[in-house]
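In what follows, a single structure is set out as structure tokens and then discussed.
The values are calculated or read from the model by the stated rules, or taken from the named source; none is laboratory data. Quantities reported herein were computed from a predicted structural model and do not represent experimental measurements. Ideal geometry is used to build each Cβ from the backbone, glycine not excepted, and the neighbour counts take in all protein chains shown.
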Amino acid sequence: MSSRSRRALPPVAPRPEPDPRSGRVTQIVAAARQLVETEGAQALTMRRLGDELGIKAPSLYKHLPSRDAVVAQLVDETLFETGDRMHSAVSAPATDATGGPVPALLAAYRDFGRNHPNLYRLVTTGNLPRAALTPGLEDWAGEPFYRATGEPYRAQALWAFAHGTLILEIDERFLPGSDLDRTWQAGARAFARGEGA
């Protein structure tokens with residue numbers, strides 16, 4: 001592997017600054033995340049959230065106007081978290097263990113999804129509440145795929161591989177006995193071969 005393929009491109013998109021949250025909104029979003037993480041997105045209702053916080057659901061509307069607003073806050077928070085992880089992964093110096101930016105990026109992406117499957121599903125399936133996200137967040141959070149591949153369409157293809165493979169893994173749709181570590185490694189090798197192409 002060439003030295004070029006073992007280095008990521010430098011970041012271009014600046015990390016956006018999230019809007020400050022009140023203490024109560026922070027508490028509501030934390031409770032919402034806990035509900036989603038443990039029971040899935042279908043458990044997230046304003047009534048259930050109020051119950052978890054020990055307040056009546058109408059009081060929540062003083063802080064966040066709807067369930068959609070709560071979901072948008074969760075998506076925003078998760079994109080910051082995953083963006084930080086993935087930028088860190090592709091920025092780390094390549095070693096024999098990491099193999100370069102593509103395998104490091106895929107490992108970070110897979111690790112997050114496997115450890116937070118319900119949150120991952122919330123953020124990556126259905127409509128993305130783009131208008132409610134922090135401006136520039138989606139570009140910045142997705143940029144590690146470009147930094148790892150050096151080409152925008154390869155970056156999209158790499159993300160499609162990562163998402164498709166991860167959602168199939170989370171939903172246990174691969175054949176029993178499949179060695180998924182080898183599947184991820186094969187994908188990493190295929191994309192790493194063309195880095196900078």
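Condition check ((1) out of contact with any strand residue (DSSP E or B) (no Cβ under 7 Å at 6 or more places or on another chain); (2) buried (at least 20 other Cβ atoms within 10 Å of the Cβ); (3) of a type in the set (Gly, Ala, Ser); (4) more than 12 Å from LEU122 (Cβ to Cβ)) across all residues:
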| position | (1), (2), (3), (4) |
| --- | --- |
| ARG21 | yes, no, no, yes |
| GLN42 | yes, no, no, no |
| ARG48 | yes, no, no, yes |
| LYS56 | yes, no, no, yes |
| SER59 | yes, no, yes, yes |
| ALA69 | yes, no, yes, yes |
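Hey, among the residues in segment 123-134 that are assigned to a helix (DSSP H, G or I) and over 10 Å from the mean Cα position of the chain (by Cα), which one's surrounded by the fewest Cβ atoms within 10 Å (Cβ to Cβ)?
Step one: filter segment 123-134 for residues assigned to a helix (DSSP H, G or I), giving 123-124, 130-132.
So of that shortlist, the ones also over 10 Å from the mean Cα position of the chain (by Cα) come out as 130-132.
Values: ARG130: 11, ALA131: 7, ALA132: 13.
It comes out as ALA131.
Say whether the condition of being surrounded by fewer than 20 Cβ atoms within 10 Å (Cβ to Cβ) and modelled with pLDDT under 95 is met by at least one residue in segment 72-88.
no
Name the one entry in ALA131, ALA108 that is out of contact with any helix residue (DSSP H, G or I) (no Cβ under 6 Å at 6 or more places or on another chain) and modelled with pLDDT of 95 or more.
Exactly one of ALA131, ALA108 is out of contact with any helix residue (DSSP H, G or I) (no Cβ under 6 Å at 6 or more places or on another chain) and modelled with pLDDT of 95 or more, namely ALA131.
What are the pairs with Cβ atoms under 7 angstrom where one residue, in segment 67-93, is of a type in the set (S, T, N, Q) and the other, located anywhere, is at pLDDT below 95? Sequence gap at least six, or different chains.
Close Cβ pairs satisfying both conditions: SER91/ALA8.
Between THR78, THR165, THR82, THR149, which is among the polar types (S, T, N, Q) and touching a Phe, Trp or Tyr at 6+ places or on another chain (Cβ under 6 Å)?
Residue meeting the stated conditions: THR82.
Residue under question is PHE174, and the condition is that it be of a type outside the set (Asp, Glu), in a helix (DSSP H, G or I) and either at pLDDT below 95 or farther than 16 Å from ALA8 by Cβ (or both); does it hold?
no
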